[in-house]
1. Treating each Cα of chain A as an identical point scatterer and ignoring solvent, apply the Debye formula and state log10 I(q)/I(0) at q = 0.12, 0.13, 0.17 Å⁻¹.
2. Quick check: Cα centre of segment B:15-51 to Cα centre of segment A:1-30, how many Å?
3. Hey, for A:ARG52 with labels 7 Å out along Cα-Cβ, what do the inter-copy distances come to in nm, ordered shortest first?
4. Shape of the protein assembly as shown from its Cα gyration tensor (a ≥ b ≥ c, root eigenvalues): rounded if a/c is under 1.5, otherwise prolate when a/b > b/c, or oblate?
5. Over chain B, calculate the relative contact order: mean separation of alpha carbon pairs under 8 Å at least 6 apart, over the residue count, as a percent.
6. Starting from a Cα-only point model with no solvent, please compute log10 I(q)/I(0) by Debye for segment A:68-148 at q = 0.12, 0.13, 0.14 1/Å.
7. How shielded is A:119-128 by partner chains, expressed as the average number of their Cβ atoms within 10 Å of its Cβ atoms?
8. Would you calculate a helix-derived [θ] at 222 nm for chain A, using -39,500 (n - 2.57) for each DSSP H run of n ≥ 4 and dividing by the full residue count, to the nearest 500?
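Values quoted throughout were computed directly from the atomic coordinates according to the rules given, and no laboratory measurement underlies them. Predicted, not measured: the structure shown is a model, and the values here were computed from it. In this analysis, Cβ positions are derived from the backbone assuming ideal geometry, glycine residues included, and neighbour counts consider all displayed protein chains.
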2 protein chains.
Amino acid sequence: MKSQRLLAILDVVEHEAVRSQEQLRQRLAARGFVVTQATLSRDIKELGLVKRSADGAYQPSSIEGTPQTTALGALGKALSEYLVNIEPVQQLVVLRTGAGQAQLLGLAIDRSRLPEVVGTLAGDDTILIIARDVQNALAVVKKLKDLAS
Amino acid sequence: MKSQRLLAILDVVEHEAVRSQEQLRQRLAARGFVVTQATLSRDIKELGLVKRSADGAYQPSSIEGTPQTTALGALGKALSEYLVNIEPVQQLVVLRTGAGQAQLLGLAIDRSRLPEVVGTLAGDDTILIIARDVQNALAVVKKLKDLAS
DNA sequence: CCACGCGCTGCATATTCATGTATATTAATT
DNA sequence: AATTAATATACATGAATATGCAGCGCGTGG
């Protein structure tokens, strides 16, 4: 299952320095995901991983400065693809996605660095956004709805 | 005939992991419903089944569908089996389970679609329920405690 | 009693999607 | 610059799923 593999890739990359797709392929194989380099190339593109300049290891692009516009574009795409429902609750925002997609959408939200957002938590099909206050929560809902369309 | 078949599909899907329409076709044939994949494609659309990303198996969409009573029954069972502790915090409710059981209980909670619940997030042994407000959070705690016993 | 409309279905085929293979392209190394 | 390593991509394949079309059975209004 592809989405599982994508999550595994994020997990691997987060926990150890992976410097080539071949290396990543081996790590994934150890976890039971057997695929070729070509597939990883596509996965990496889809996840938006980049090579850290310091040591050449892959990592999510949010950590280095990504141009805001790029991140927002990706967020819009992710939203229109995954978002099922969005609702503010006090200073929180609850988003629903299709099964197994919450992690990916959560990542896209993190990357876009919305100023109103303090942090996010993603489960399987639910994301919780913590905003600074009620006003900001409402603002986030509006902003995300706009981006989704 | 059709409605019988639809019910059979729900029953099959609920009791075993079905990962393709072909597989489903075989299960149904064993129960006396002989139809083609094309028909199942239409049935699945009508029932609103989706593929769970965890294992690629079909399941009723957690967002809608599934008879309330069934889901509530399953929830009661899951609660009595897994729930260790439950506590409201403002408009949130924090539940503790045994290790690795939070996902299962979280799923059961989602499926039962309690009106007070906006969403849930499950980790390994902790579930966070987001309610609409403090009152609702208290109501959820009471309801779940009742169901558990 | 009949012609018509409509829902349901199968058949055949189109579409979608993930992936591997082979190769082109780009980057690094010497 | 030449060589090699790393990555991206064109093309093809296979699996799963969706769908256009035609036939069938059934109920209804004529």
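1. Summing over Cα pairs of chain A leads to -0.52, -0.60, -0.96.
2. For segment B:15-51 versus segment A:1-30, the Cα centre distance is 34 Å.
3. Going from nearest to farthest copy, the values are 3.6 nm.
4. oblate
5. 18
6. For segment A:68-148 at q = 0.12, 0.13, 0.14 Å⁻¹, log10 I(q)/I(0) is -0.26, -0.31, -0.36.
7. 6
8. That comes out to -16000 deg cm²/dmol.
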